[in-house]
Amino acid sequence: MRMRIGARVFEGPGPFLVGIVNTTPDSFSDGGRFLNLEDAVDRANTLLAEGADLVDLGGESTRPGAPAVPADEELQRVVPVIERLRSHGFSLPISVDTSKAEVARAALDAGADLVNDVNGLAGPGMAELVAARGVPAVIMHRRGTPADMRAHATYRDVVSEVADELSELLRRALIAGVDRDRVLLDPGIGFAKTAEQSIALLAGLGRLRSLGCPLLVGPSRKSFIGELTGAGVGDRLPGTLAAVAACVLAGAEFVRVHDVAAASQAARIAAAIRDAAGRTHPP
Ligand code: HH2
């Protein structure tokens, strides 16, 4: 993989760590902690110090059942954080986690470098904006909206259906003018997926790699870990690290996590094992 994101060129198999900054009152694991400007900026700087390769800033929770946030409120949550980080010389690329073109546009104007869209660039004007700005984007798979996605978790074969639906989202984005070389694909762990389906997707990342774009995967603290182990949302770091290692071993280039320092260690060990396996048992 070779992809420029903002001032940085990401080259090779990674893994690269995307640190999460949620400026929301209601995110499933850290809602309310980084809602105010200073706290969000501090959080981004902490993630940088912990070894993040980029930060992903979101102003709307996508947890199941989360209410939709009006664009102007989402803007007020994310744009000042980006402006502050950029005016203080923050050195990492910044990703904006939004499904609204209006929010993405303002975030890019303020200095964001990548659009991370849990709606797969399918909303009004989003793919066109990404195409016009020539910025990289994450196309994530989901079905339905946070309000109703649980009802959509029915698949005959989750890995091939997610692969087919991602491929269709990618096709539409390309028709709108998005550059294939600037797309990351994401299976959307937990978005209209049961625990069993999320595990199947983590096991099936190889199939998604065959779509030809780098992968970004977000298993951090998600409910599949709770369902399998009984761990509460504040107690899912060990399960997160196991999932991060699995993603890296399966060839995912980017992992999106809350706990960057711990995930960085897990990812580096998994990458060393991946690379050693490639030398001793070439694919
Ligand atoms: N997961 C969440 C949000 N955005 N973006 C991508 N590309 N992939 C993901 O798996 C993903 C995502 C949900 O996690 P979080 O941001 O911690 O929670 P919330 O949506 O409640 O703010």
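Every read-out reported here was derived from the displayed coordinates using simple, explicitly stated rules and does not represent laboratory data. Quantities reported herein were computed from a predicted structural model and do not represent experimental measurements. Note that each Cβ is placed from the backbone with ideal geometry, even for glycine, and that neighbours are counted across all protein chains shown.
Annotation for Arg4 and Ala132: the two label points, set 7 Å from Cα along the Cα-Cβ direction, are 2.1 nm apart.
Among rounded, prolate and oblate, which fits the chain when a ≥ b ≥ c are the square roots of the eigenvalues of its C-alpha gyration tensor, a/c under 1.5 means rounded, and a/b larger than b/c means prolate? Verdict is rounded for the chain. A full extension of the chain between Ser91 and Thr229 corresponds to an added length of 45.9 nm, given 0.36 nm per residue minus the alpha carbon distance. Each part reduced to its alpha carbon centroid, region 227-248 and region 71-89 end up 30 Å apart. Enumerate the residues in region 112-140 having an amide nitrogen under 19 Å from the point lying 7 Å beyond the Cα of Arg171 toward its Cβ. Those under the cut-off are 120-123, 127-128, 139-140. Per-residue 3J(HN,Hα) values for region 255-260, derived from phi via the Karplus relation 6.51 cos²θ - 1.76 cosθ + 1.60 with θ = phi - 60°, read 10, 9, 9, 7, 9, 5 Hz in sequence order (x marks Gly and Pro).
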